[in-house]
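See structure below.
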Amino acid sequence: MENKAKLRPLYLAKILYEQTDEEHFLTTAQLMQILEQQYGIQSHRQTIKTDIELLKQFGLEIEEVKSTQNRYNLFARPFDIPELKLLIDAVCSSKFITASKSKELVDKLSTLAGEHARVMLKRNVSCEGRVKSGNERIYLIVDAINEAINTNKKISFQYFQYDVRKQHKLRRNGEPYTITPLHLVWNGDYYYMVGVYDYKQRIGSFRVDRIAKRPDILTEDGTPPPEEFHINEYINTTFRMFNSDRAEVELICDNDVMDSIIDRFGEDVATYANDATSFRAIVNIAVNNVFYSWVFGFGGKVKIKAPQNVKEAYLGMIRAAASDLED
């Protein structure tokens, strides 16, 4: 009986957390009834009032509405409803989180709102019908990468791609990659690990959901990145995080695409006047077909001026695509 009396304030806090919010209250009589029915704890009006004061001193923001039947609610929580909606929608939209894990996370996030708002949250978001990763090991993989980053250790892992039968096929015939992970990056709906190749001493990126299983954390200390490496610049100038050689490219852009250039490369992108209707942009980017398709998407409003080999490669891709249409 003595232990139950000591636990009473904790159960009272639990009841207020789960069953009240800014718009929903519980009276003293209701609190006494719940304590007895659910937890077998007897109480009276004065002990409820005393416990409430104790919880308020502890730091819980409990509102008391005085009347013939006092009412109480827990009106402040770590996350507001709009914040929880944003978090839940982000979880549901994330392709690197599996559908089952998304549902599990949504259920956990919803409990932070209390039972009344929880129903509203579930009605406002849905994980159904969205393309999701099938890699259920994603949490273990991310956990290992974070541990290696925090302890500056190398990791070893296998990486896969899909074959024509939609089966996992290990790259490099299953030979593990050895990487010093530097950052985890959420980019273009996917989660990537950015790190230093062990044998090439250069920066590369890997889709986290394409890592076959939890990486092995090695005992070797990590390889430092090149001095010129900056993660924000790397993200802004690597299209969809595809690994490829980088080059300084000069673009001629119509004035009305400045917003898009800044969205892609950031406000610090080097730009210069070209003529009355266009400007030049100098960017150091990863040159690949994804970059070329981004340029093509502007319908001529963005043109590659230099270097010549990048310009010729872009023209070659367009000619090849046009030739395929003629066949």
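The values are calculated or read from the model by the stated rules, or taken from the named source; none is laboratory data. Bear in mind the structure is a predicted one, so any value in this text is a computation, not a measurement. All Cβ positions, glycine included, derive from the backbone under ideal geometry; neighbour counts span all protein chains shown. Note: accessible area is taken over every heavy atom of the protein model, side chains too, but ligands, DNA and RNA are not part of it. Shrake-Rupley method; radii C 1.70, N 1.55, O 1.52, S 1.80 Å.
Of all the criteria given as (1) farther than 23 Å from Arg210 by Cβ; (2) polar (S, T, N, Q); (3) modelled with pLDDT of 65 or more, the one not satisfied by Asn150 is (1).
Pairing residues of the range 299-324 that are without any contact (Cβ under 8 Å) to a residue 60 or more places away in the chain and open to solvent by less than 40 Å² (accessible area, probe 1.4 Å) with residues that are of a type in the set (A, V, I, L, M, F, W, C) and part of a helix (DSSP H, G or I), at Cβ distances under 7 Å and at least 6 apart in sequence or on separate chains, gives Val302/Val257; Val302/Val295; Ile304/Val295; Ile304/Val310; Tyr314/Val295.
Pairing each residue of the range 247-269 that is within 14 Å of Val302 (Cα to Cα) and open to solvent by less than 20 Å² (accessible area, probe 1.4 Å) with any residue that is at pLDDT 90 or above and among the charged types (D, E, K, R), provided the two are 6+ apart or on different chains, yields C-beta distances under 6 Å for Val257/Lys301.
Counting only residues that are in a helix (DSSP H, G or I) and charged (D, E, K, R), which one in the range 66-108 is surrounded by the fewest Cβ atoms within 10 Å (Cβ to Cβ)?
As a first pass, look at the range 66-108 and keep what is in a helix (DSSP H, G or I): 81-93, 99-108.
With the extra rule that they be charged (D, E, K, R), the set shrinks to 83, 85, 89, 101, 103-104, 107-108.
Values: Glu83: 14, Lys85: 18, Asp89: 16, Lys101: 19, Lys103: 15, Glu104: 13, Asp107: 12, Lys108: 10.
Checking each candidate, the answer is Lys108.
Please go through the range 180-211 and pick out each residue that is in contact with a helix residue (DSSP H, G or I) (Cβ under 9 Å, 6 or more places away or on another chain), open to solvent by less than 60 Å² (accessible area, probe 1.4 Å) and modelled with pLDDT of 90 or more. Across the range 180-211, the qualifying residues are Thr180, Pro181, Leu182, Met193, Val194, Gly195, Phe206, Ile211.
If a residue must be among the aliphatic types (A, V, I, L, M), in a strand (DSSP E or B) and under 20 Å from Ser94 (Cβ atoms), how many such residues does the range 159-214 contain?
Count: 5.
Might you check whether a residue that is under 35 Å from the mean Cα position of the chain (by Cα) and either in a helix (DSSP H, G or I) or surrounded by 11 or more Cβ atoms within 10 Å (Cβ to Cβ) (or both) occurs anywhere in the range 37-44? Spell out the reasoning first.
Of the residues in the range 37-44, the ones under 35 Å from the mean Cα position of the chain (by Cα) are none.
There is no residue in the range 37-44 that is under 35 Å from the mean Cα position of the chain (by Cα) and either in a helix (DSSP H, G or I) or surrounded by 11 or more Cβ atoms within 10 Å (Cβ to Cβ) (or both).
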